[in-house]
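Novice: The structure follows.
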Ligand SMILES: Cc1cc2nc3c(=O)[nH]c(=O)nc-3n(C[C@H](O)[C@H](O)[C@H](O)COP(=O)(O)OP(=O)(O)OC[C@H]3O[C@@H](n4cnc5c(N)ncnc54)[C@H](O)[C@@H]3O)c2cc1C
């Protein structure tokens, strides 16, 4: 028997568990540990609430979770409730699938002003992450600035500009929906340091901005490169740039019928955030591209009013004591997923915050090949003598850690579905104590 602990129940954690089941068969016991009582990581707390079809991938993870040799151990924080060294003493392999839950900081003068958030916090707020449920972002102003040119920036812009009716069928949390209904937003500016050919936005997300009930995207035609240059782009990017070209020719008369304008400001780098006690404006420097397509400041600056700033410029994995860490890249130091003997990482904790949900699948499968090489298939019956889950349970009990099982999560899930308001698939609990209280034993 081999014992594997996977820390993190997001896509990377579950694909790794699935792969380990296939590689080791019945000769493995897998514990998936998560600091939250709810499984599936960013499927629940990152993927936008109006993208329910994407969230459906959780059903595949549920199958894995319900297998005999896999167990979900929620509400256990590694590094706090239990250390990596302790886990290594109990398991043959310990896999860090902890994602990259911290924002890469917008390191500018004024970025600590009230009303300035990173996307982990802002997205966590509208998705009901217990750490951010109380964020209460200011939505009373007319102007919002979003920093970044990736899909997260598009998610944030879309959520900020949808009408209440457009959230039908979404699982946006009640507190966010109520706040958005009262919002006074009229202009959302999306800042990108470089140009339309350098965006990291996919056609699906970009296309949605063109179909909003009360908002319309605006692109300055002068920012677009010559159309012939699009031929060099890969097909997905070409589609995205084609959408930007369409947005550049939306007639003013049509735009005037919409309440909110979503303005793409390319070649624009924020240099300072200003305001008395709270954010009032973002100072931006106009940029241009150098020969290597890097952005270079031109010295010309201007101010964009803003009552709310959300920076969507990437994420970092927080370090865990005893685990080698790459400061520059904000992830665990690893060689193809190997950190130290018996200690591995996978998903965003390994690669950094890039790629889609699906990218984590090959990552998990490849890592398990390495784990299989390292801890081998031989003598699996005899086992390594590690205590595995029995040892974990004993240790957590001595510490009074209140472990949440998958059956407990299923009760939380049922209760969320039962209390959903009309037109929504669920109303999430946003408080850990409330969730734990639901177990009823
Ligand atoms: C805002 C946003 C929207 C996205 N939308 C899409 C989309 O529409 N489509 C798409 O394909 N991809 C999307 N992605 C990307 C996708 O979510 C990631 O590729 C994927 O979630 C990464 O998986 P992961 O398992 O590495 O990390 P995560 O999903 O972050 O899972 C990490 C898990 O580890 C747990 N954890 C962290 N630290 C500890 C600890 N110390 N102890 C115990 N547990 C811990 C966390 O609670 C979490 O459950 C989006 C990402 C973001 C940020």
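Novice: Consider the range 317-348. How many of its residues are in contact with a strand residue (DSSP E or B) (Cβ under 6 Å, 6 or more places away or on another chain), buried (at least 22 other Cβ atoms within 10 Å of the Cβ) and under 20 Å from residue 105 (Cα atoms)?
Specialist: The total comes to 2.
Novice: Also, quick follow-up: Check the range 266-282 and report whether any residue there is assigned to a strand (DSSP E or B), in contact (Cβ under 8 Å) with a residue 24 or more places away in the chain, touching a helix residue (DSSP H, G or I) at 6+ places or on another chain (Cβ under 8 Å) and crowded, with 20+ Cβ neighbours inside 10 Å.
Specialist: no
Novice: Then there is this: Quick test for you: out of 188, 172, 159, 146, pick the one residue that is in contact with a helix residue (DSSP H, G or I) (Cβ under 9 Å, 6 or more places away or on another chain), in contact (Cβ under 8 Å) with a residue 60 or more places away in the chain and away from the ligand (no atom under 15 Å from the Cβ).
Specialist: Step by step, each of 188, 172, 159, 146 is checked, and only 188 is in contact with a helix residue (DSSP H, G or I) (Cβ under 9 Å, 6 or more places away or on another chain), in contact (Cβ under 8 Å) with a residue 60 or more places away in the chain and away from the ligand (no atom under 15 Å from the Cβ).
Novice: Of these, 160, 90, which one is buried (at least 20 other Cβ atoms within 10 Å of the Cβ), over 30 Å from residue 328 (Cα atoms) and assigned by TED's automatic domain parsing to the domain that holds residue 403?
Specialist: 90
Novice: Residue by residue through the range 138-157, note down the ones that are surrounded by fewer than 24 Cβ atoms within 10 Å (Cβ to Cβ) and under 30 Å from residue 418 (Cβ atoms).
Specialist: The one that is surrounded by fewer than 24 Cβ atoms within 10 Å (Cβ to Cβ) and under 30 Å from residue 418 (Cβ atoms): 139.
Novice: Then there's this: Is one or more of the residues making up the range 90-101 part of a helix (DSSP H, G or I), touching a strand residue (DSSP E or B) at 6+ places or on another chain (Cβ under 8 Å) and either modelled with pLDDT of 95 or more or within 10 Å of the ligand (Cβ to nearest atom) (or both)?
Specialist: yes
Novice: Going by the conditions given, is residue 418 closer than 17 Å to residue 33 by Cα, more than 16 Å from the ligand (Cβ to nearest atom) and at pLDDT 95 or above?
Specialist: no
The values are calculated or read from the model by the stated rules, or taken from the named source; none is laboratory data. Since this is a predicted model, take the numbers as computed values, not measurements. Reconstructed Cβ throughout: ideal geometry from the backbone, glycine too, with neighbour counts over all protein chains shown.
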